[in-house]
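Below is one structure; the comments refer to it alone.
Every number here is computed from the coordinates shown, using simple stated rules; none is lab data. Bear in mind that the values here come from a model prediction, so they are computed numbers and not experimental data. All Cβ positions, even for glycine, are placed from backbone atoms using ideal geometry, and neighbour counts span all protein chains on display.
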């Protein structure tokens, strides 16, 4: 357990005393810039420069080592060569310092000897029970006036605000601070986590979620230290604070070659897994850094959107159409302007105006026209928010329009967002609008995308909080089947064994019998009733269709006999080394839609649940969605409804609708099985037939791979949470004040 994960992070965010080891007067060095920034920010605590080469740094007495300091600093900021960092940590630890920010690079990120250096650093941090950010990080910024702490080496400091930013990229941070300054974005806290030897994004999410000065949290991540911990932390935080993320790069979902459909889909669809993680936890994913901060602008303004209905007011048709298209992409609605409003507006606008939504007043619109249009848009219960687009002309002076928008905002509780669209310098008007609490954008689609994120967050924060359902299960039967597989040295269960595990969790299969001879097959088929299916039973054959191991819709004894003989011939040619446990004779299910449900267990994310289009085309159509286990009823419903082929399950061209409630429950049952049975490495139900409404679902084929017996199951989320609650904290660490 990394000590930083148990600490209150107080020393890292709001220290009362700081030692900068490696502070310097040498121009253009990190040591000089960082210490100067601490002083110029007006730090409310005490800052000590430590460097044997200087008697003073930036006019402050400099100390040769930690032992010479008049007190033990609460936080040590280390800017020395990587090989010397370990010795500095020992000095700080012996002095009683509990917080550590390591700016120095040259650790795990460079590979080779750097990996060993970081392991040694972490061992020392454990020894002294310290909390650490870094190494190889940009530093920490806290703009709280009671703290005023800028321990970064950036030369641009944004104004105080309510946006918190956490980045895995230190190089990105300096540019972001400059961008924020130019865009009038204020930050509450700002830091990079570097190599995440201790504190990671999950720890910081919880800390920032408890910060009353933070209204929105932004993350730039390239990978996750622990996907399961992130899910737990994000789900907790997003209930009260919006979290926006930009995820770049790729994180491997396992080194082994996936053998089941689910495994190969999860391995090649890593980005879909991250999408699932963010959706399950209420995190809003952005496509670019620009999107990240433009959306943050809306959230930081304090606006909240309580529904998807948007009204657009414009003096130019083109930008209005662009905004309407963006609404369609973002899931926002454009309700028609009510007839009474159209009647009142008609005499007050140009005859060429379009009294629709968007409400296009044409290029000759004047401020009075904007006032009339806004008055009608914001009247009654017509919409949930308004977007005002202004393309300044001689008839439409930008300042007057801005003042009209501000006046309308003072009379309405609904969110108003503006777009000033033109070639002239509109910076003063934009600044006036934003200082008045109206987020303003250059292009209409940017404004709509931000509003769509507001609506998405409202849907998340107002969702019903349903607990994970627990279904009855014959766990003893599952243990017996797995124990038998262990004794036999089997890693991929025969289908009849996989069937037994799934049946123990209430998942239905067709009536069946295992046979070895044509005569036994005919006798079984007569008991079950024709038509039947014939399938090979083998632990060595994952995809039966590929080797001729499946025959369907066999109507009588003769057809079954021919299929039996043909299957033996095909298996001898295509899978001569496969072990055969006989053949399965199964009842044919008369009708149903084929879907896939599967599990892939990943070392970072834990069990991943997959759902999508089933049958032999699953890897071609790629119509699959993922979720992390455990899965709640609402997530199961969203899984099914998010695939492109969902309309097939609702009934088309006179077909009856499928039994969706049974399908949702089956997804939850599979999730429960994965949660309770860590021995299952991969699971694939393909196809699962979803029958007409009221007739349930039936699994037709199943495959389960179990983990090698040497693999120990990872600790459960509950166990990790218990560890965090066990009271293992840094000695003397101050708890944050009550909120």
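If packing is taken as the average count of other Cβ atoms within 10 Å, what order do 463-473, 491-501 fall into, highest mean first? Mind showing how you got there, number by number?
Values: 463-473: 11.7, 491-501: 22.4.
Taking the mean over residues of other Cβ atoms within 10 Å, the ranking is 491-501, 463-473.
In terms of other Cβ atoms within 10 Å, 213, 632 run from fewest to most in the order 213, 632.
Axis angle, to the nearest 10 degrees, between helix 289-300 and the longest C-alpha principal axis of the chain: 70 degrees.
Let's test the formula: R0 of 22 Å, r as the Cβ-Cβ distance of residue 289 and residue 155. What FRET efficiency results, to the nearest 0.05?
Numbers: r = 20 Å, r/R0 = 0.91.
Here the calculated transfer efficiency is 0.65.
What fraction of the DSSP beta bridges in the chain is antiparallel, stated in percent and rounded to the nearest 5?
Counting only bridges with both partners in the chain, antiparallel ones make up about 50 percent.
Exposure proxy shown here: for 91, 655, the number of other Cβ atoms within 10 Å sets the order, fewest to most, as 655, 91.
Among beta bridges from DSSP that stay inside the stretch 299-461, the antiparallel ones total about 10%.
Could you work out the relative contact order of the stretch 475-587, using alpha carbon pairs under 8 angstrom and six or more residues apart, expressed as a whole percent?
On the way: 155 pairs, mean separation 37.7, N = 113.
Answer for the stretch 475-587 is 33 percent.
Ordered by the number of other Cβ atoms lying within 10 Å of each residue's own Cβ, fewest first, 550, 115, 448 fall into the sequence 115, 550, 448. Each peptide in 271-283, 192-204, 507-519 receives the mean, over its residues, of other Cβ atoms within 10 Å, and ordering these scores from highest gives 192-204, 271-283, 507-519.
Counting each DSSP H run of 4 or more residues in the chain as -39500 (n - 2.57), what helix-only mean residue ellipticity at 222 nm follows after dividing by all residues, to the nearest 500 deg cm²/dmol?
Details: 25 runs with 279 residues, N = 739.
Estimated from H runs of four or more residues: -11500 deg cm²/dmol.
Our summary gives the chain a relative contact order of 10 percent, counting only alpha carbon pairs under 8 angstrom and 6 or more residues apart.
May I ask for the angle, rounded to the nearest 10°, between helix 633-642 and the longest principal axis of the chain, with both axes built from Cα atoms and the value confined to 0 to 90°? For 633-642 against the chain, the angle is about 80 degrees.
Could you tell me the distance between the Cα centroids of the stretch 621-636 and the stretch 24-76, to the nearest Å? Result: 52 Å between the Cα centres. Cα centroid separation, the stretch 564-613 to the stretch 380-444: 59 Å.
Peptides 21-27, 344-350 ranked from most to least packed, by the mean per-residue count of other Cβ atoms within 10 Å: 21-27, 344-350. With each label modelled as a point 7 angstrom along the Cα→C-beta vector, the residue 483-residue 676 pair spans 1.7 nm. A straight line joining the Cα centroids of the stretch 103-146 and the stretch 154-199 runs 18 Å. In the chain, the longest principal axis of the Cα atoms and the axis of helix 495-504 are about 60 degrees apart. Taking every alpha-carbon pair under 8 Å whose residues sit at least 6 apart, the stretch 498-652 reaches a relative contact order of 20 percent.
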